[in-house]
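I have placed the structure first, in the form of structure tokens, so that the comments after it can refer back to it.
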Amino acid sequence: MTFVAPTEDILFSLRHVAGAGSVDGWDDDLADSILDHFGQFAAGVIAPLNAVGDRQGARLVNGRVRMPDGFGAAYAELAAGGWQGLTLPEAHGGMGASPLVAAGVSEIFSGANHAMQMVCNLVPGAAAVLLRDGTAAQQAEWLPKLAKGAALSTMCLTEPAAGSDLSAIRCKAVRKGPAWQITGEKIFISGGDQDMSDTILHLVLARSGGAGLGGLSLFACPRQSAVTVTRIEDKMGLHASPTCQMTFDAAKAELIGAEGDGLMVMFTLMNHARIDVALQGVAHASHAARIARNYALDRVQGRLPDKSPARLHLHADVARMLDRQDRLALGARAMCHVTLVELERGKRPALVDFLTPLCKIAGSQAGVESADLGIQVLGGYGYLREYGLEQIWRDARICAIYEGANGIHERTLATRALRPGGGSADFADLIGELAGHDRAAMARLADWKNRADRMRHAEDALAQAHAFAQDTVTLFFDAVWTRIAAVADKHPQPERIKGLALA
Ligand SMILES: Cc1cc2nc3c(=O)[nH]c(=O)nc-3n(C[C@H](O)[C@H](O)[C@H](O)COP(=O)(O)OP(=O)(O)OC[C@H]3O[C@@H](n4cnc5c(N)ncnc54)[C@H](O)[C@@H]3O)c2cc1C
């Protein structure tokens, strides 16, 4: 099954559901042209490597990672097209495009080839870290390289004893004159090495002070420092994305931001990455939906009540699954876009913090659920490699685990986010805005507010965290669908959207 970028759905969602036009610098025609252009590039150059990468995988050869065949050449084209610098300021060699357009590009990239996207797409977050907290010299050193693709970047947090709990990080940073040296081990680092870019900027969270999160600082460490990849993991999916175990042996590094502020500085990168992970899930949901619908439109099996031969999509149960896939993709995408528009407007930062985990949970779940439904729609062929759905299912599964396991986000929602100033009041306002104060939606919102009040005082809040987070995700999902239905006529296929809204 060939990959086709869901450009019309993405533009509809950004413009008409999320209201991208209200953000300074948004340009409808430019967005159209960028997404169309990238969609064609992704379909023609990146997507054909997806199955190859899955079969071949990345390999560790003499201490260096070798990407699968074709990845280097595709990356060179990507970089030459300026795509790596899409959102970086023009003054640093980038294109200065809107992060909202970049979200569309990123989703298309993930749908075409999640493994390659992962290795390339930590760059916008790393650039944001440098722009906010880097010195002028650090910006001058790294931003042009990142913009033109000479450097890729990584996010080095996880260690054997520090996964969800980063306060257990042991990697040590010691000051040596004006520079620093990092010593220790990191595991599970995506793109910890590859042979596509000239160099790599490792952003490393390491301990420069005492115990706990306050002792952590963030460092910029180039690949050419004393950094060694000791193994790459053998995984369920994403075989082309090298997940690296790395040793830092007094590796020379520079502090980014203030000493002890490591986690805060890293949050710039992590918040970007969380929405990006949500969109990876959306990309899988959308791609799986397309494969399944195309198959079901074609495959003849069984008969209609009038005894004529039926195509699969005409069977009520198959139609149910196909509609659910589409609804998941469109709804979770809209949640991400609404959140990104809020982020760009910059008026309700606490709301953005509240919505980000909801997007992460919804997007990651949508990817796996849609892939699973797609497999079911195809029957035996869904279980085979031929149609690519089993790869989507394997690749999509990671989204609920990395960038904070979903359980950790659910915990945050049920506790910190419900405290005064934690964004829950803004969230309630947003639900009203999205649902156009529809009576049924307002009744559900009233129930949710009562539940949130009880959660604030519950002794067993953590035991209820999963159920509460899932209900909160559903409230947001249903509200964006009310909004999608209200603007369905703006979609190039209004009847499809209206049908889905009723499904
Ligand atoms: C393919 C892949 C790519 C990755 N890329 C990167 C990368 O580029 N950079 C990087 O730094 N890391 C990366 N990671 C690591 C990833 O972020 C971690 O796996 C993730 O944070 C979870 O940590 P853990 O695996 O140690 O699981 P654990 O922390 O052991 O958690 C296991 C389970 O227990 C639950 N749990 C843990 N603590 C609590 C708690 N206090 N309360 C309730 N539940 C809890 C979690 O929700 C989870 O379900 C990657 C991992 C993979 C598999």
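The values are calculated or read from the model by the stated rules, or taken from the named source; none is laboratory data. A quick note: this is a predicted structure, and the numbers were derived from the prediction, not measured. Cβ coordinates were reconstructed from backbone atoms using ideal geometry, including for glycine residues, and neighbour counts include every protein chain displayed.
Could you say which residue among Asp9, Asp69, Asp36 is surrounded by 18 or more Cβ atoms within 10 Å (Cβ to Cβ), in contact with a helix residue (DSSP H, G or I) (Cβ under 7 Å, 6 or more places away or on another chain) and of a type in the set (Asp, Glu)?
Asp9
Looking at region 115-150, which of its residues are among the aliphatic types (A, V, I, L, M) and away from the ligand (no atom under 16 Å from the Cβ)?
Answer for region 115-150, where residues must be among the aliphatic types (A, V, I, L, M) and away from the ligand (no atom under 16 Å from the Cβ): Ala127, Ala128, Leu130, Leu131, Ala136, Ala137, Ala140, Leu143, Leu146, Ala147, Ala150.
Of all helices (runs of 4 or more DSSP H) completely enclosed by region 1-76, which ones contain at least 2 residues that are within 22 Å of Arg394 (Cβ to Cβ), in contact with a Pro (Cβ under 6 Å, 6 or more places away or on another chain) and not hydroxyl-bearing (Ser, Thr, Tyr)?
Correct list: 48-56.
Output yes when any residue across region 178-187 is surrounded by 15 or more Cβ atoms within 10 Å (Cβ to Cβ) and near the ligand (Cβ under 10 Å from one of its atoms), and no when none is.
Yes.
Has region 248-261 got any residue that is touching a Lys or Arg at 6+ places or on another chain (Cβ under 9 Å) and of a type in the set (Val, Ile, Thr)?
No.
Which of the residues belonging to region 397-435 are in a loop (DSSP other than H, G, I, E, B) and either assigned by TED's automatic domain parsing to the domain that holds Leu238 or among the small types (Gly, Ala, Ser) (or both)?
Selection gives Gly404, Ala405, Gly421, Gly422, Gly423, Ala435.
Can you tell which of Trp448, Trp481 is part of a helix (DSSP H, G or I), of a type in the set (A, V, I, L, M, F, W, C), farther than 22 Å from His272 by Cα and under 21 Å from the mean Cα position of the chain (by Cα)?
Every option except Trp481 fails the conditions.
Can you name the number of the only condition in (1) away from the ligand (no atom under 13 Å from the Cβ); (2) modelled with pLDDT of 95 or more; (3) hydroxyl-bearing (Ser, Thr, Tyr) that Ser190 fails?
Exception for Ser190: condition (1).
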